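In what follows, a structure is listed as structure tokens, so that the remarks can point back to it.
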Amino acid sequence: MNNLILLRTICKRWVHNDSIISFIRNNAAISQSTVFQGTLYELTVLRELAEKLGMTSLEKVGGAHDGGVDIKGTWPISNLYKKLEAITHISDELSTIPKRSKVNGRVFRPLIHRINDDILLGKQFAPLKVLVQAKAFRTTKVSPKELRELVGTFSSMVPDTKRNSTIILMCSPHMLTKDSLNLINNVKLPLIYLRIEMLRSLNDGSYDIEKSGTLLNYYENEYASKLLEGLSIQRWLTLKLYDVNQKFEIAVDE
């Protein structure tokens with residue numbers, strides 16, 4: 001016989017809306033400029049990364065020497081894994097994940113094995129570093145040229161020894177083209193594409209901060225999908241484990 005156990009996630013929600021509201025209020029005079037819209041989108045992306053994916057120490061870094069990176073931070077991915085494990089027991093799938101994976105000629109160990117090794121040793125797995133580029137494109141899609149530039153930025157900023165502990169993210173309001181998908185799946189680095197909508201403007205000139213600017217799609221390139229295999233980030237998002245008000249009923253054998 002099964003008992004139904006009600007579990008409530010304890011994932012704390014990071015609130016960044018005050019920063020967004022303050023930026024809009026303080027820069028109303030230039031609200032139609034591309035600089036304003038770009039910064040507003042970066043703040044929106046930062047909010048979604050923190051709230052939906054649990055990224056931390058996020059900071060805007062745009063400037064002449066940023067190499068095209070708009071946001072830097074860390075991703076304590078083991079925290080998501082532990083919370084997901086408490087609900088879905090994804091560690092049961094560990095034996096199905098290879099000890100070594102090979103993508104585009106590079107061989108590496110999936111992070112889930114390193115995380116589980118640290119758990120057994122009572123150690124905390126070091127957070128991944130994240131480099132984020134946010135493209136506030138209203139109508140156009142991210143092109144292969146822009147993705148190639150982002151890959152070049154990663155290669156120039158991240159040494160080979162840190163390649164599997166640093167994730168690069170491209171964020172835009174639109175889906176990727178077929179050519180762009182083919183490109184990112186053939187690179188030798190972990191890249192995640194996030195479709196995050198821009199904040200919706202209202203008739204009175206304000207923005208719908210609460211109900212727009214949300215993360216719509218999450219896509220790992222082939223390298224990232226193998227590096228993060230078994231960590232089930234997509235499942236985390238589908239179950240909305242980031243939502244402090246979300247409830248789950250899990251059947252557990254006595």
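Can Leu147 be described as at pLDDT 90 or above, in a helix (DSSP H, G or I) and surrounded by 15 or more Cβ atoms within 10 Å (Cβ to Cβ)?
For Leu147, the condition - at pLDDT 90 or above, in a helix (DSSP H, G or I) and surrounded by 15 or more Cβ atoms within 10 Å (Cβ to Cβ) - is met.
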Legend entry - Complete set of residues in region 119-172 that are in contact (Cβ under 8 Å) with a residue 12 or more places away in the chain and among the small types (Gly, Ala, Ser): Ala126, Ala134, Ala136, Ser143, Ser155, Ser156, Ser165, Ser172
Inset, instruction - Confirm whether Val187 is under 15 Å from Glu222 (Cα atoms), touching a Phe, Trp or Tyr at 6+ places or on another chain (Cβ under 6 Å) and of a type outside the set (D, E, K, R). - result: no
Inset, instruction - Search region 220-251 for residues being at pLDDT below 95, over 14 Å from the mean Cα position of the chain (by Cα) and outside any loop (DSSP other than H, G, I, E, B), and hand back the single one that is nearest to Glu51 (Cα to Cα). - result: Lys247
Inset, instruction - Return a yes/no flag: does region 45-53 have any residue that is in a loop (DSSP other than H, G, I, E, B), surrounded by 14 or more Cβ atoms within 10 Å (Cβ to Cβ) and among the small types (Gly, Ala, Ser). - result: no
Inset, instruction - Residues being of a type in the set (Val, Ile, Thr) and surrounded by 14 or more Cβ atoms within 10 Å (Cβ to Cβ): count how many of those fall in region 25-44. - result: 2
Inset, instruction - Among the numbered conditions (1) touching a residue at least 24 places away in the same chain (Cβ under 8 Å); (2) not in a loop (DSSP other than H, G, I, E, B), tell me where Gly68 comes up short. - result: (2)
Legend entry - Pairs, first among the aliphatic types (A, V, I, L, M) in region 232-245, second modelled with pLDDT of 90 or more and not in a helix (DSSP H, G or I), C-beta under 8 Å, six or more apart: Ile233/Tyr218; Ile233/Glu220; Leu237/Leu215; Leu237/Tyr218
Legend entry - Residue, nearest to Asn185 (Cα to Cα), within region 88-103, restricted to residues that are surrounded by 13 or more Cβ atoms within 10 Å (Cβ to Cβ) and modelled with pLDDT of 95 or more: Val103
Inset, instruction - For region 230-242, indicate whether the set of residues that are over 27 Å from Tyr81 (Cα atoms) and surrounded by 15 or more Cβ atoms within 10 Å (Cβ to Cβ) is non-empty. - result: no
Legend entry - Residue tally, condition assigned to a loop (DSSP other than H, G, I, E, B) and buried (at least 21 other Cβ atoms within 10 Å of the Cβ), over region 174-186: 1
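If you go through region 110-135, how many residues are in a loop (DSSP other than H, G, I, E, B) and closer than 23 Å to Met157 by Cα?
Kept after step one, since they are in a loop (DSSP other than H, G, I, E, B), are these residues of region 110-135: 110, 121-127, 135.
Next cut, closer than 23 Å to Met157 by Cα only: 110, 125-127, 135.
Count: 5.
The values are calculated or read from the model by the stated rules, or taken from the named source; none is laboratory data. All of these numbers come straight from a predicted model, not from anything done at the bench. Ideal geometry is used to build each Cβ from the backbone, glycine not excepted, and the neighbour counts take in all protein chains shown.
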